[in-house]
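The values are calculated or read from the model by the stated rules, or taken from the named source; none is laboratory data. Just so we're clear, the structure is a prediction, and the values are computed from it rather than from any experiment. Note: ideal-geometry Cβ built from the backbone for every residue, glycine included; neighbour counts use all protein chains shown. All accessible areas refer to the heavy atoms of the entire protein, side chains included, with ligands and DNA or RNA removed. Shrake-Rupley method; radii C 1.70, N 1.55, O 1.52, S 1.80 Å.
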Amino acid sequence: MTIRNALRDHGQRYRPRMACLKKAEKVLLEMQDPCTGVKSQPQRLVITIIPHAITGEDIIAWLADRFQIDAQEARSFGSMLVALGYIYPLQDHKRLVIKPDASLYRFQTPYFWPTQQWPVEDTDYAIYLAKRNIRKKGILELHEQEQYNHLHKWMNHKWDFVVMQAKEQYRAAKERKKPDRVVFDCQERAYWVVHRPPPGTVSAMDYGLDRRTDPNTDEVTGESPHDLLVKYSATYSGHDPFLSKCLPSNPWLTDDTTYWTLNMSNVEIPTKMRVERWTFSFKELLSDPRGRDDFRLFLKKEFSGENLAFWEGCEDLKWGTAVAMREKAEQIYKTFLARGAPRWINIDGKTMEITVKGLKHPHRYVLDAAQTHIYMLMKKDSYGRYLKSPVFKETLKKAICPEEHKFKNRRPSLSPIIIRQQEQEQRAKMAANAPVDITQVMSKLSKQGKEMGPRHSK
Amino acid sequence: MPLVNNKVGDDCTASGDKALADGKALVDSLIKVVACYRHLASCVGGCTDSLQLRNELRQTREKAQNLAGDICHHLTSHLRDKSLPDGQRKEMELLWVAFSSCLELLHVDMCKVLNISGIVSLADSASLVHTGLEGCSDVAARALSLPDLNQAQTDSLPAGLESQERSTMELEISQIDRMIDDMEMKVNVLRWMVEPHGPQYADPLSSTDSASMALQSIDEEQQAPTSQPLCQRSHIFVLLLL
């Protein structure tokens with residue numbers, strides 16, 4: 001639904017852990033199918049018969065069969081559906097669990113299903129409590145009473161409306177047939193047990209904090225973070241020093257620092273892995289100093305080096321000291337933005353206007369808009385051409401792929417097991433041709449211990 | 001808050017009183033219609049959902065929107081009138097608050113109906129949730145203030161009706177959206193200054209619904225006595241095992 005109701009929503013649109021609700025809905029629709037779903041039975045209440053009641057054990061059996069899980073897991077799953085409010089118990093309505101016996105449950109009407117888009121309004125709760133009070137005075141429980149008083153205080157301006165609406169809803173309910181009235185009351189009551197649980201109970205609708213952006217999709221590309229994570233892992237797994245081999249070798253393991261030397265920022269010839277990383281994204285290219293150098297060379301050949309220079313200037317301004325800020329901003333303006341500047345950059349009129357206006361009172365982020373514009377320009381235009389350019393191809397060709405480290409210069413170190421064995425042999429030998437005097441033995445042993453000493457340390 | 005003594009006044013206050021009374025009547029009927037709409041909306045997607053229900057919803061919605069339009073004009077014009085005496089202004093503001101709350105409720109209900117009709121399609125009758133209900137046609141009659149509705153028996157769902165309905169609903173929802181926005185823009189009602197008249201507790205209406213209350217309480221008690229001994233027995237059983 002594309003209707004944005006920011007005013008009503010107060011920006012609290014995204015309730016992330018509720019992404020499971022869509023899945024629960026699908027399961028529920030399957031469950032209530034008259035042919036393949038859970039079998040229902042009528043519920044007898046004095047003289048009325050209300051259809052579509054289901055037993056706890058049937059629900060658990062159906063879930064276990066449908067998902068091929070054991071009874072314990074089916075029970076937990078069922079309890080989750082009850083806790084979320086898709087099924088409600090007809091007896092013991094305050095405990096939102098599935099009992100694996102003949103206790104009765106019923107499916108909740110879709111109007112009362114939990115939703116992600118609309119928060120549960122306090123106005124509705126106030127109306128509900130007022131309605132209950134109309135039916136029978138003093139029926140509200142203690143916590144409900146407290147809530148009612150609290151709502152009366154802060155929602156005071158619409159209290160007349162609340163009371164009137166409660167009365168009207170009550171009267172409208174009277175128009176319905178008696179069994180339907182009972183069912184509707186049960187439905188509403190169940191809804192509020194889920195969304196305004198009595199104190200001391202944990203609510204399944206507790207989702208932590210509201211988010212400002214939808215964590216279920218990437219706002220720009222529309223992909224879910226799950227997909228993005230999978231993509232990232234697939235791309236970078238070959239480059240991860242823990243998950244795959246580090247060429248030539250991981251310096252922390254082999255004491256061989258060739259890896260670091262080969263990957264220094266000002267190295268003439270980069271490694272193949274490094275060059276491959278530049279092709280992953282423009283950000284990778286820019287953040288690697290060697291990559292940036294290569295890109296700069298390419299841009300020089302294309303006579304559009306001012307873009308990169310401007311971008312670097314902006315970065316310098318952003319991350320530099322506060323003292324130098326004004327100077328730097330002026331410098332950048334003179335070099336890149338002023339009319340007739342030596343390295344004039346091409347940004348659209350609107351951005352230029354905003355930037356020039358902002359430069360009157362420069363601060364760290366005054367050039368952000370222009371920088372973003374230039375960044376996107378480079379990313380969409382120059383980056384693609386760079387990857388096809390002779391400069392890049394040359395670099396790629398020259399890039400080295402170091403050989404894997406061969407462990408031939410490994411310093412042999414005596415294993416402690418071997419040392420202990422040698423000691424034992426020594427002792428056995430001495431015992432065989434032992435001198436009589438014990439002090440001589442001790443002195444001999446201590447001497448040998450001292451001899452062994454230096455060899456222990458590496 | 002002292003009431004303005006309306007008898008000592010000129011034509012201005014008299015007509016203002018009439019305007020107030022008109023406004024109140026309109027808002028009252030809107031509240032009634034919105035309450036009925038909520039009841040109807042609670043049936044959508046359930047086993048009582050049908051073309052008939054959708055028709056009733058549509059009719060109720062139209063009535064609500066007409067009323068809303070009227071009230072909007074009425075209240076906006078009066079509240080923007082700077083010569084309105086203070087007492088009447090306060091009353092108007094009270095009506096204003098009630099009206100905007102009504103609109104918000106209507107808006108949410110309409111959005112929910114749209115959402116549900118997306119999840120549970122009328123065409124696929126097996127997917128309508130079995131909620132134990134049987135039907136609520138009299139509610140719509142109450143909303144439209146008609147003695148009874150002419151039930152047109154149409155069994156088949158005309159093709160394309162659902163998508164047409166969806167687009168109409170979306171239009172209507174955005175209309176209400178805009179109305180709410182306009183209202184906020186045009187008239188500045190300070191909500192913390194508005195004081196209600198009524199009591200905190202709604203008086204219990206006579207001829208209380210004792211029958212269904214009894215049904216509900218029996219519902220609880222039916223299982224309670226049997227569950228108690230069961231619990232105790234299971235406790236004993238567990239103790240024996242240990």
Work out, step by step, the length gained on full extension between A:Lys334 and A:Thr48: first 0.36 nm times the residue separation, then minus their alpha carbon distance; give nm to one decimal.
94.3 nm
How many partner chain Cβ atoms sit within 10 Å of a residue's Cβ in peptide B:190-201, on average, as a whole number?
5
What percent of all Cα-Cα pairs in segment A:122-175 falls into each 10 Å bin, going from 0 up to the bin containing the maximum distance?
26, 58, 16, 0
Inverse of <1/r> over all distinct C-alpha pairs of segment A:74-125, i.e. the Kirkwood Rh in Å, gives 12.0 Å
Counting only DSSP beta bridges with both residues in chain A, what percent are antiparallel, rounded to the nearest 5?
90 percent
Chain A: radius of gyration over Cα atoms, expressed as a fraction of 2.2 N^0.38 Å:
1.64
A chain fully extended from A:Lys136 to A:Lys174 at 0.36 nm per residue, minus the present Cα-Cα distance, gains in nm 12.2 nm
May I have the pair-distance distribution P(r) for segment A:19-112, computed from all Cα-Cα distances with 10 Å bins from 0 and rounded to whole percent?
17, 54, 26, 3, 0
Of the listed pairs A:Lys272/A:Lys301; A:Lys272/A:Lys318; A:Lys131/A:Lys153; A:Lys136/A:Lys158; A:Lys272/A:Lys388; A:Lys334/A:Lys357, those with alpha carbons more than 26 Å apart are A:Lys272/A:Lys318
Taking only protein heavy atoms and a 1.4 Å probe, what accessible area per residue, in Å², does segment A:122-175 have with all protein chains in place?
39 Å²
Tell me the relative contact order for chain A as a rounded percent, counting alpha carbon contacts under 8 Å between residues six or more apart.
12 percent
Taking every alpha carbon pair in segment A:233-398, what does the distance histogram look like in 5 angstrom bins from 0, in percent?
1, 8, 16, 17, 15, 13, 11, 9, 6, 3, 1, 0
Solvent-accessible area buried by pairing A with B, both sides, nearest 100 square angstrom, 1.4 angstrom probe:
7300 Å²
